[in-house]
Structure formats: C-alpha cells, structure tokens
Amino acid sequence: MTRATTTGTVDGYLIGDAAAALEITIDTIRYYEKEGITPAPARGSDGRRRYDDAALAWLSGVVMLRGTGMTIREMRDYAAAYRNGADERERLALLEQHHAVVMARHAEVQRHLAALEHKIAAYRARVNSHSDMAI
C-alpha cells in the first residue's frame, strides 16, 4: 500500500489505498464516515483524507462487523458507545449480543444447508438411476 507524502513525511494512507487494503469501495468508507460509524480522518495539507494505522484498524473492524451482518444502526450505536466513553464491559456486551445473533443465523444456515444437501443427493440419485436405464 502506498503512503501519501508531502515534503518527504508520511501523512497516512490515501482513501483509495485504504479502500484497496480493506477490499471495499471509497464510497463505502465515505458512507461509514457520514453515518458516524468511523471518525472523519485527518486531512493532509492538500485537503485529502489521510488514514493512519489506527483508522485502518477501526475500519477493518467495521468491515468485519458488517460482514457478520451487523446493521448500520447497530454499528452506529457501537461507534457512539465507543466515542461516548463506554467502558470495555459495555462494548463487550454489545459484541456478545451481536455474536449471539450471528450464531443463531449460522445455525439456521446450517439447517438450510443440510436440507439443500439432502435435496441434491435425492436429485443425483434420480439422475444416476435414469442414466443407468439408458445403458
């Protein structure tokens, strides 16, 4: 990842580099900023966004939470709790609550997957039995 520089000093990652590193779009980063999910980054002398390692780590966590199905509202609430000084127990409770939702959804997907695999096996058996008859 390329770091932006002005007069030879490292200011941070440009938004495009941050987006590429996180495998999300620039628009997604801007949206998270607009929604208050991630803090607005520092700006370089040229006015362009600069993301330091801490900002990238926060964004990475946001991407993970979204990937687990956390809603924008829940992410906003988590970010607000952090900004408002919620202690680690309070933030842990929010994450544990989300974890329980993810695990319930995972169990449901596992049930659906088992049913799908059963259906596939039934079709394979029928297709194979028809193939045997053609010989």
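Here is the figure for region 103-135: residues that are modelled with pLDDT of 95 or more and among the hydroxyl-bearing types (Ser, Thr, Tyr) total 1. Ala79 meets the conditions (1) of a type in the set (Gly, Ala, Ser); (2) closer than 21 Å to Lys34 by Cα; (3) outside any helix (DSSP H, G or I) in every case but one. The failed one is (3). Among the residues of region 113-129, some residue qualifies, meaning at least one is under 24 Å from the mean Cα position of the chain (by Cα) and assigned to a helix (DSSP H, G or I). The residues listed here are Arg66, Arg76, Arg48; of these, the one that is within 30 Å of Gly12 (Cα to Cα) and at pLDDT below 95 is Arg48. Kindly establish whether Gly36 is in a loop (DSSP other than H, G, I, E, B) and of a type in the set (Gly, Ala, Ser). Here the answer is yes, as Gly36 does meet what is asked.
When each of Ser60, Ser45 is tested for being surrounded by 13 or more Cβ atoms within 10 Å (Cβ to Cβ), out of contact with any Cys (no Cβ under 7 Å at 6 or more places or on another chain) and of a type in the set (Ser, Thr, Tyr), the lone residue that passes is Ser60.
The values are calculated or read from the model by the stated rules, or taken from the named source; none is laboratory data. Not measured: the values here are computed from a predicted model. Cβ coordinates were reconstructed from backbone atoms using ideal geometry, including for glycine residues, and neighbour counts include every protein chain displayed.
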